[in-house]
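Some notes on the structure that comes next.
The values are calculated or read from the model by the stated rules, or taken from the named source; none is laboratory data. These numbers come from a predicted model, not from an experiment. Here the Cβ is made from the backbone with ideal geometry for all residues, glycine too, and neighbour counts use every protein chain on show. Protein only, heavy atoms only, side chains kept; ligands, DNA and RNA dropped before computing areas. Shrake-Rupley method; radii C 1.70, N 1.55, O 1.52, S 1.80 Å.
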Amino acid sequence: MPAIRIQNLRKTFGKHVAVGDVDLNVAQGEIFGILGPNGAGKTTTVECLTGMIRPDRGEIRVLGLDPATDLSALRHTVGYQLQSSELPNEMRVGEALQLFAAFYPNPADIDELLETVGLRAHRKKAFSSLSGGQKQRLSIALALVGNPRIAVLDELTTGLDPQGRRDVWELIENVRETGVTIVLVTHFLDEAEALCDRLAIIDHGHTIAEGTPSELIEASGLPSNERRPSLEDAYLAIIHNNELLRAA
Amino acid sequence: MNALPALIRSEATLLSRNPTAIFMALLFPTALLLLQGLVIPGTDEVLGGDDPAFAQLRAIDLFIPIALTVALGSVTLTNFPSAIGGYREKGVLRRLATTPVGPQRVLIAQVILSGVSLVLGAAIAVVAAVMLLDAQAPRSVFLVIGVFALAAVQMLCLGSLIAARASTAQNANGIGMVIFFVCLFTAGVWTPGPLMAEPLRQISGYTPLGAASQSLTAAWYGQPMSLIPIAVMVIWTVPLLFIAIRTFRWR
């Protein structure tokens with residue numbers, strides 16, 4: 001059974017078509033990246049698959065669950081780290097984890113989780129006094145505290161310094177080691193190249209490419225004479241080709 | 001899953017770190033009463049007049065049920081909805097929406113905590129008024145508690161509706177304040193007891209806080225209880241809570 005299968009997903013907000021036609025296939029245990037320009041429909045896609053919003057059309061299965069009918073089971077199976085979300089200023093790190101752990105039947109061990117995300121020393125720190133990187137790591141911990149089988153992480157490292165990003169990357173690798181399937185929404189190509197087993201590129205609400213980083217580089221049709229094209233080169237070429245296609 | 005107790009505990013911890021909110025919840029009605037009793041002249045003179053139900057009372061006696069009504073209004077219409085509005089604004093509710101917790105528990109945790117702090121605040125105010133202002137203790141304590149509890153539930157349901165919809169803390173506060181001042185008027189804060197003109201008093205009896213104020217006053221002084229304001233409160237409660245849960249916005 002695939003971790004996630006999405007077919008012909010469509011979601012409009014009024015006249016605005018956020019997602020026109022998206023297909024995705026994510027295997028269990030992989031780190032899967034969703035790439036695309038701003039406003040391409042990445043976040044809308046993951047909001048549909050996490051049951052936060054209802055699609056207009058299309059089929060979604062998350063470990064066999066349909067978000068429209070099995071929402072409660074889905075909430076127990078999927079941890080979702082939102083693009084931007086905060087906690088009450090005076091809430092402390094340990095308190096936040098304890099609160100969220102109480103929502104799940106078999107939560108993760110909070111001490112272990114704090115150790116994993118490197119916040120053990122900051123357990124008593126108030127949310128408002130955390131640095132950007134610490135907030136991000138807490139947010140990841142909250143997405144993992146219910147022991148989900150799938151973690152969806154949106155804009156994982158936006159606003160982090162280079163060391164912070166590397167720390168979070170390492171954290172994601174460690175989480176995958178425990179068997180969790182990870183979906184990363186990002187527009188950092190280096191991040192996708194370093195972390196993802198496979199990825200999809202979404203542009204103007206459509207999936208325009210899906211595969212491993214090297215498959216995408218090959219699909220871009222870029223020559224690899226003196227220098228092997230990077231994922232970023234491939235991404236830009238694929239987006240560019242799509243623009244030409246749309247214009248034609 | 002112990003989600004509801006965990007939410008209540010978490011909210012109580014946060015409240016304990018917020019001195020302004022503690023003051024508003026626990027000491028505001030007391031402060032209001034003491035100010036009126038000690039600062040405004042003439043509040044401890046006997047009213048006299050034709051109405052035998054009120055003739056023996058002083059203005060300050062009438063202020064007690066009204067101060068409790070004000071406390072009801074301020075906690076349920078401004079403090080509680082703006083707390084939830086603030087959570088919505090900051091994305092805390094969206095964060096909660098990704099978990100199995102559901103809107104009912106989030107609202108109910110707030111309602112329970114606000115309810116408890118309301119009862120405590122009211123108790124402190126009554127004790128202070130009786131001890132410091134020599135005010136009349138309620139004739140029937142149980143009736144007063146019952147009426148106050150019903151009024152609290154009703155007002156928390158009205159507050160839940162604001163909480164369910166307001167996009168930000170400020171937005172919730174704004175809506176809450178407008179309703180609060182209308183409620184203060186119908187509750188007779190500026191025209192206590194017999195000072196409110198009779199037609200206005202009848203109309204006010206059909207509004208949430210007006211009904212609360214009238215039945216609380218009647219219960220306090222052992223006057224004949226009318227069932228109309230009680231029925232009015234029950235009738236307000238049910239649809240308000242239903243609409244609040246059905247229209248709850250996570251973002």
**Fill in**
Candidate cut points under GluC sites (Glu not before Pro) in region A:167-248, DSSP loop plus at most 11 other Cβ atoms within 10 Å of their own Cβ, are A:E226
**Item:** B:A231 versus B:V178: modelled label distance in nm, points set 7 Å from Cα along the beta carbon direction
**Value:** 3.1
**Request:** Quick one: go through region A:144-168 and flag any residue whose amide nitrogen is under 19 Å from the point 7 Å out along the Cα-to-Cβ line of A:L236.
**Result:** none
**Antiparallel bridges, percent of DSSP beta bridges restricted to chain A (to nearest 5)** = 50
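Quick check on my link table: of A:K135/B:K90; A:K125/B:K90; A:K15/B:K90; A:K15/A:K42, which ones sit more than 22 Å apart, alpha carbon to alpha carbon?
Values: A:K135/B:K90 14 Å; A:K125/B:K90 19 Å; A:K15/B:K90 27 Å; A:K15/A:K42 18 Å.
Where the Cα-Cα span goes over 22 Å, the pairs concerned are A:K15/B:K90.
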**Request:** Express in whole angstrom the spacing between the alpha-carbon centres of region A:43-63 and region B:56-134.
**Result:** 38
**Request:** Give the calculated FRET efficiency between B:V141 and A:E90 to the nearest 0.05, with a Förster radius of 30 Å applied to their Cβ-Cβ distance.
**Result:** 0.25
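Can you list the GluC sites (Glu not before Pro) in region A:92-150 that are in a DSSP coil and have 13 or fewer other beta carbons within 10 angstrom? Write out the running numbers ahead of the final one.
Details: sites: A:E95, A:E112, A:E115; in loops: none.
In loop regions of region A:92-150 (DSSP not H, G, I, E or B), there are no sparsely surrounded GluC sites (Glu not before Pro).
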**Fill in**
Computed over chain B: longest principal axis from alpha-carbon atoms vs helix B:102-132 long axis, angle to nearest 10 degrees, is 30
**Fill in**
Partner shielding of A:91-97, taken as the mean number of other chain Cβ atoms within 10 Å, equals 2
**Prompt:** Using Cα atoms only, what is the angle between the long axis of helix B:169-186 and the major principal axis of chain B, expressed in degrees (0 to 90) to the nearest 10?
**Reply:** 20
**Fill in**
trypsin sites (Lys or Arg not before Pro) in region B:64-170 lying in a DSSP loop, each with at most 15 other Cβ atoms within 10 Å of its Cβ, come to B:R139
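Quick one: with all protein chains in place, what share of the accessible area of region B:3-246 is carbon or sulfur, to the nearest percent (1.4 Å probe)?
On the way: 7560 of 10560 Å².
That fraction is 72 percent.
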**Request:** Give me the distance in nm between label points sitting 7 Å out from Cα along the Cα-to-Cβ direction at B:D134 and A:R57, one decimal.
**Result:** 8.1
**Prompt:** Relative to the first principal axis of the alpha-carbon coordinates of chain B, what is the inclination of helix B:3-16, with its axis defined by its Cα atoms, in degrees from 0 to 90 and to the nearest 10?
**Reply:** 60
**Message:** Just to verify a number: FRET efficiency for A:D190 and B:E198, C-beta to C-beta distance, R0 = 56 Å, to 0.05?
**Reply:** 0.15
**Message:** Quick check: net charge around A:L65, other residues with Cβ under 15 Å of its Cβ, Lys/Arg +1 and Asp/Glu -1?
**Reply:** +2
**Fill in**
Quick calc: nm separation of the 7 Å Cα→Cβ label points for A:Q7 and A:R166 -> 4.5
**Asked** Could you give the length gained on full extension between B:I40 and B:V116, defined as 0.36 nm per residue of separation minus the Cα-Cα distance, in nm?
**Response** 24.3 nm
